[in-house]
């Protein structure tokens, strides 16, 4: 294995895990093609299952499976307020986020009589994503959360936050895959051979330092004191373990 090549080829984007877990289904109602296209693409990239409708005509077909609804106010036919009220009447525990170009206070007040949040256009996709996460946490519809020491790990997409500061800890591509493998085999002692095969898809070559380099990278990001790791344990003579 070419160690330098592997180090240089790391990607800095996060990768969504879908591996058999239930994806969050977002019901999105927006009649503007440009906005609708990039919102759906962005949320899909973040790991959500998105149903995009351009009117409220068929909303009733998707309420039961939805985990969250995003509704534009200005729609052909029934407006977003009417659609949102209908959804809430059928499924009270479904969080609703209203989108609108209207900025008048009375419009926001009207929306918040039944909706759970209100976002005005234009907006940044990161703000929309953050508001979605808050609503899912509030309604407890988000992915399973695993807590290890000072870390809070969202196991659906392996987002990692520090419990005390709520700061997100970002991993690069191969670091991400390695930690993902540890989480999938929580509490198990994993040999170097298992880790090489599971993460790199290759046989371990005696003396190769690639794994130890990535373990060091992970510890520098995840441990409170990388010199005295408590999350990624070294099992002398065997391999490593992450204990839940």
- Message: Residue under question is residue 235, and the condition is that it be loosely packed, with under 15 Cβ neighbours inside 10 Å and out of contact with any strand residue (DSSP E or B) (no Cβ under 7 Å at 6 or more places or on another chain); does it hold?
- Response: no
- Set 86, 46: member being modelled with pLDDT of 90 or more, out of contact with any strand residue (DSSP E or B) (no Cβ under 8 Å at 6 or more places or on another chain) and assigned by TED's automatic domain parsing to the domain that holds residue 130: 86
- For segment 55-78, how many residues meet the condition of being in contact with a strand residue (DSSP E or B) (Cβ under 9 Å, 6 or more places away or on another chain) and either closer than 30 Å to residue 158 by Cα or crowded, with 16+ Cβ neighbours inside 10 Å (or both)? 14
- Item | Residues of segment 1-43 satisfying the condition of being more than 21 Å from the chain's Cα centre (by Cα) and modelled with pLDDT under 50 | 1, 2, 3, 4, 5, 6, 7, 8, 9
- Out of (1) at pLDDT below 90; (2) not assigned by TED's automatic domain parsing to the domain that holds residue 38, the odd one out for residue 178 is which? (1)
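Conditions (1) within 30 Å of residue 242 (Cα to Cα); (2) touching a residue at least 40 places away in the same chain (Cβ under 8 Å), marked per residue:
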{"site": "95", "(1), (2)": "no, yes"}
{"site": "117", "(1), (2)": "no, no"}
{"site": "120", "(1), (2)": "no, no"}
{"site": "131", "(1), (2)": "no, no"}
{"site": "156", "(1), (2)": "yes, yes"}
{"site": "162", "(1), (2)": "yes, no"}
- Query: Does residue 44 fit the bill of being in contact with a helix residue (DSSP H, G or I) (Cβ under 9 Å, 6 or more places away or on another chain) and on the phi < 0 side of the Ramachandran plot?
  - Reply: no
- Going through segment 113-144 in order, the residues found to be at pLDDT below 85 and touching a strand residue (DSSP E or B) at 6+ places or on another chain (Cβ under 6 Å) are 143
- Query: Condition test on residue 188, is it touching a residue at least 60 places away in the same chain (Cβ under 8 Å), under 30 Å from residue 136 (Cβ atoms) and in the same structural domain as residue 234 (by TED's automatic domain parsing)?
  - Reply: no
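The values are calculated or read from the model by the stated rules, or taken from the named source; none is laboratory data. Computed from a prediction, not measured in an experiment: that's the story for all the values here. A quick note on method: Cβ atoms are made from the backbone with ideal geometry, for glycine too, and the neighbour counts reach across all protein chains shown.
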